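So the structure is just underneath, and the comments pick up after that.
The values are calculated or read from the model by the stated rules, or taken from the named source; none is laboratory data. Nothing here was measured: the structure is a model prediction, and the numbers come from that model. We place every Cβ from the backbone using ideal geometry, glycine too, and count neighbours over all the protein chains shown.
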Amino acid sequence: MKKFFIVAMVGIFFYGTAMAGTAHQFDAGEFIKIAKKNVERVINHNINTTAMIADMETLITLGVEGCKKHMGEAETPDVEKKLMQIVIDGTPDMKNLTLEQIEPEWHNGGVAKSKGVDIEQFNHFAEVLCHYDGIVHPVTALICIKNYEKIKDQNLLDQIKAELDEVIEHMEKLE
């Protein structure tokens, strides 16, 4: 009986590990679901910053996975692969920016342009920019949530909603 228990526990461990590895594969539908849940939190004034921060981290992770997926598609042009790598590599530092910094550096494409990719060459709803924005908008919302925790400014909640509404529109193009 003890041997069976050990074998069962090992099996459960490996199954759980395998599932954890797939928990954050890109899924536009799941991304939209999480984003909409947070829009509803803002609309209903049901602000739970801890939960919202965790959800933004999940959206960012899904966004990174979306970029990787796009990079791995055979028909993806090199310039788009380069942009995906730029935004993936920039994600950790992006989280530490202020709202004033993230706008020119990421929303307006300053970082990408400094590395040889002008995001204005792409249609706003091109697949590549949908994936790019799948990171940039949740990071911006994350910055807003962290600021809201400190100063409780309603304008930050309005911006969270706007960021998530926009990224939902992008993700709907990828479904």
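So, in the range 137-166, of the ones that are of a type in the set (V, I, T) and touching a residue at least 60 places away in the same chain (Cβ under 8 Å), which residue ends up surrounded by the most Cβ atoms within 10 Å (Cβ to Cβ)?
Of all residues in the range 137-166, those of a type in the set (V, I, T) come to 139-140, 143, 145, 151, 160.
From the residues that got through so far, the ones that are touching a residue at least 60 places away in the same chain (Cβ under 8 Å) too are 139, 145, 160.
Numbers: V139: 25, I145: 24, I160: 27.
The selected residue is I160.
Could you please let me know if I143 is touching a Leu at 6+ places or on another chain (Cβ under 9 Å) and under 18 Å from F31 (Cβ atoms)? When the stated conditions are applied, I143 does not pass them. Screening T76 with (1) closer than 18 Å to E172 by Cα; (2) hydroxyl-bearing (S, T, Y); (3) outside any helix (DSSP H, G or I) gives one miss only, at (1).
Evaluated against (1) assigned to a helix (DSSP H, G or I); (2) more than 14 Å from the chain's Cα centre (by Cα); (3) surrounded by 13 or more Cβ atoms within 10 Å (Cβ to Cβ), E120 falls short on exactly one condition, (3). Of all the criteria given as (1) at pLDDT below 95; (2) in contact with a Phe, Trp or Tyr (Cβ under 8 Å, 6 or more places away or on another chain), the one not satisfied by A23 is (2).
Residues in the range 94-117 that are in a helix (DSSP H, G or I) and small (G, A, S): G110, A112, S114.
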